[in-house]
Amino acid sequence: MGIRIAPSLLAADFARLGEEVARIPNADWLHVDVMDNHFVPNLTLGVPVVEALGKVAEVPMDLHLMIEDPDRWAPAYVEAGAGSVTFHVEAATAPVRLARELRALGARAGMALRPATPVEPYEELLPELDMLLVMTVEPGFGGQKFLDLCLPKVRRARQLLDKHGLELWLQVDGGVSLETVERCAEAGADTFVAGSAVFGADDPVAMIDSLREKAEASRAS
């Protein structure tokens, strides 16, 4: 199973988004956080900015919707150019229907879990998804410290995916760095969102390569 690195635009310079995206040509995905100041206490960007990013980004966009009522709003982000759209199960009214709608529109469907949300109650829902996101910080702000207490949930998620023979991507988001990426990979993650570690680096390209190498080495060991 391949390793994917998705730099989070949340840590980029919002006054120079086009230039910032150009700094990460070796990324697998561009992770875009959408926050509405209701589901999380922060406000970022919306559909018009995603449309603009789609015109300049060389890599596909991975949208993470930290918003209320994703059942209503998520499809618009596929139409805006997102290749993958992740909604929070805590906010979705009908997650299966939403996942199917996203897939029908041509996007990958992802479901996110906050740190305190267990994965086990959603075992039967997993086949409807293309990606499961386990948050390793409380959603809402970048630059937070990695929560080691989330690693057992990553392991349980990997066990459930293997149990059912599912090829879902298992993503982690929050505090991912050269110091934590190996632990996440060892626990079973294969898709890594890294914000400050990448956009705060002097050489983002080299940092992406280093994160990928550490994750690959951990998965292979």
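The values are calculated or read from the model by the stated rules, or taken from the named source; none is laboratory data. A quick note: this is a predicted structure, and the numbers were derived from the prediction, not measured. All Cβ positions, glycine included, derive from the backbone under ideal geometry; neighbour counts span all protein chains shown.
Points to keep in mind about this one:
- Unmet requirement for Ala15, which otherwise passes all of (1) over 18 Å from the mean Cα position of the chain (by Cα); (2) farther than 22 Å from Gly200 by Cα; (3) not hydroxyl-bearing (Ser, Thr, Tyr): (2)
- Looking only at segment 180-196, and only at residues there that are at pLDDT 95 or above and small (Gly, Ala, Ser), the one that is farthest from the chain's Cα centre (by Cα): Ala187
- Within segment 180-192, the set of residues being in contact with a helix residue (DSSP H, G or I) (Cβ under 9 Å, 6 or more places away or on another chain) and either among the charged types (D, E, K, R) or not in a helix (DSSP H, G or I) (or both) comprises Thr180, Glu182, Arg183, Glu186, Gly188, Ala189, Asp190, Phe192.
- Failed condition for Leu151, given (1) part of a loop (DSSP other than H, G, I, E, B); (2) more than 24 Å from Asp71 (Cα to Cα): (1)
- Any hit, segment 116-139, residues being on the phi > 0 side of the Ramachandran plot and over 14 Å from the mean Cα position of the chain (by Cα): no
- Inter-residue pairs, beta-carbon under 6 Å, first at positive phi and in segment 23-41, second surrounded by fewer than 18 Cβ atoms within 10 Å (Cβ to Cβ), 6+ apart: Asn37/Leu43
- Lone qualifier among Lys214, Lys145, Lys163 - being surrounded by fewer than 22 Cβ atoms within 10 Å (Cβ to Cβ) and at pLDDT below 95: Lys145
- Restricting Arg219, Arg156, Arg114, Arg108 to those that are basic (Lys, Arg), under 22 Å from Val96 (Cβ atoms) and either modelled with pLDDT under 95 or out of contact with any helix residue (DSSP H, G or I) (no Cβ under 8 Å at 6 or more places or on another chain) (or both) reduces the list to Arg114.
- Meets criteria (surrounded by 17 or more Cβ atoms within 10 Å (Cβ to Cβ), in contact with a helix residue (DSSP H, G or I) (Cβ under 8 Å, 6 or more places away or on another chain), among the hydrophobic types (A, V, I, L, M, F, W, C) and closer than 28 Å to Ser196 by Cβ) for Leu129: yes
- Segment 195-214, residues that are in contact with a strand residue (DSSP E or B) (Cβ under 6 Å, 6 or more places away or on another chain) and either outside any helix (DSSP H, G or I) or among the aliphatic types (A, V, I, L, M) (or both): Gly195, Val198, Ile208, Leu211
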